[in-house]
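S.K.: Let me begin by handing over the structure; questions about it come next.
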Amino acid sequence: MPQAPARSLTKGLKNADVLQPEDDNLLALALGAPARRVLARAEEIGPKTGWKDGYLSSAYGFLPPDPSDSPVALRASPGRIWSDLCERMPGVVARGNMRTSILSLPLVYGTSEYIPDRALWAATVCLGILASVYRYEEVNDGNEGVSVVTPQSAFKNIHGDDDEEEETRGIPRNIAIPLRQVCTRMGRALPHLTQFDVSIYNYKLRDPTSVQPYLVRTENMDLRWPVGTLYSLNISC
């Protein structure tokens, strides 16, 4: 009769029963698991492309794995001027100087020579917010802004002609040109700002060490670049 091995030899070994795959894993394998392939593909190429197709991972869902990654990359590029102005926006808007501040920005192109892939999401959010707020102050009732006479040359497109595109018409070229370039790199047919841009792609953690019950929760999140409901989605969507 065969003898069972001594307990000292089997201690710590897993029971064979627990090594069996779960039923859902077997079914997923049998059906080809298209959703899992999409998820695996997103997790593979996302870090390489700056997640320009959108964030998608098994651990974070549609949220960015690191909400500071893209903003930090933008701050390390010439596009820092956009995020700096967005950070100062509440006070600038309160003084009615937002349009003047936007017009004073130098033109930084949204091409890969200046804006790396890692910074694309932050650049999209910042430029979209600036375009939105510029439009808001342009049509406000005078209580939250001042009238600014802008030279027509500020609205020329990249070729030096009048900007006739509906989405960016009336937006200064130092915002409209990089906004179009960045949105093109993001695969967007038209430049636009969405609610996702100004919410789940525009947050920061209050306390990165506060993980109970989990890290990314409403009471542990703040808007990175505050933008009120009056300003959001004022460019074509």
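S.K.: So, residue 223, is that one at pLDDT below 90, more than 24 Å from residue 48 (Cβ to Cβ) and under 24 Å from the mean Cα position of the chain (by Cα) or not?
M.R.: yes
S.K.: Can you find a residue that is of a type in the set (Gly, Ala, Ser), out of contact with any helix residue (DSSP H, G or I) (no Cβ under 9 Å at 6 or more places or on another chain) and modelled with pLDDT of 85 or more anywhere in region 131-142?
M.R.: Yes, region 131-142 contains at least one residue that is of a type in the set (Gly, Ala, Ser), out of contact with any helix residue (DSSP H, G or I) (no Cβ under 9 Å at 6 or more places or on another chain) and modelled with pLDDT of 85 or more.
S.K.: Further question: Residue by residue through region 192-210, note down the ones that are among the hydroxyl-bearing types (Ser, Thr, Tyr) and farther than 11 Å from residue 224 by Cβ.
M.R.: Within region 192-210, 194, 209, 210 qualify.
S.K.: Evaluate region 159-174: report whether one residue or more is outside any loop (DSSP other than H, G, I, E, B) and either at pLDDT 80 or above or on the phi > 0 side of the Ramachandran plot (or both).
M.R.: Within region 159-174, one or more residues are outside any loop (DSSP other than H, G, I, E, B) and either at pLDDT 80 or above or on the phi > 0 side of the Ramachandran plot (or both).
S.K.: Filter region 93-106 for residues that are part of a helix (DSSP H, G or I) and surrounded by fewer than 17 Cβ atoms within 10 Å (Cβ to Cβ) and give the result.
M.R.: The answer is 94, 100, 103.
S.K.: Which of the residues that make up region 162-194 are surrounded by fewer than 12 Cβ atoms within 10 Å (Cβ to Cβ), touching a residue at least 12 places away in the same chain (Cβ under 8 Å) and under 18 Å from residue 134 (Cα atoms)?
M.R.: The answer is 166, and nothing else.
S.K.: Name the pairs: first residue in region 120-139 and closer than 11 Å to residue 74 by Cα, second residue part of a helix (DSSP H, G or I) and β-branched (Val, Ile, Thr), Cβ to Cβ under 6 Å, at least 6 apart or on different chains?
M.R.: 123/182; 124/182
S.K.: Taking region 175-216 as the search range and keeping residues that are in a loop (DSSP other than H, G, I, E, B) and of a type in the set (Lys, Arg), which one is farthest from residue 99 (Cα to Cα)? Before the answer, list the steps.
M.R.: So in region 175-216, the residues in a loop (DSSP other than H, G, I, E, B) come out as 186-202, 206-216.
Add one more test, that the residue is of a type in the set (Lys, Arg), and what stays is 188, 206.
Numbers: 188: 26, 206: 30 Å.
Only one residue tops the list, namely 206.
S.K.: Picking from 78, 64, which residue would you name as being assigned to a loop (DSSP other than H, G, I, E, B) and more than 16 Å from the chain's Cα centre (by Cα)? Walk me through how you get there before you give the answer.
M.R.: Values: 64 fails: more than 16 Å from the chain's Cα centre (by Cα).
The conditions single out 78.
S.K.: Here is a follow-up. From the list 53, 84, exactly one residue is at pLDDT 70 or above, out of contact with any strand residue (DSSP E or B) (no Cβ under 6 Å at 6 or more places or on another chain), in a loop (DSSP other than H, G, I, E, B) and not aromatic (Phe, Trp, Tyr). Which is it?
M.R.: Just a single option satisfies the conditions, and that option is 53.
S.K.: Pick from region 56-92 the residues that are among the aliphatic types (A, V, I, L, M) and within 20 Å of residue 176 (Cβ to Cβ): which of them is surrounded by the most Cβ atoms within 10 Å (Cβ to Cβ)?
M.R.: Applying the filter and picking the extreme gives 74.
The values are calculated or read from the model by the stated rules, or taken from the named source; none is laboratory data. What you see is a predicted model, and the numbers here were worked out from it, not measured in a lab. As a convention, Cβ positions derive from the backbone with ideal geometry for all residues, glycine included, and neighbour counts pool all protein chains shown.
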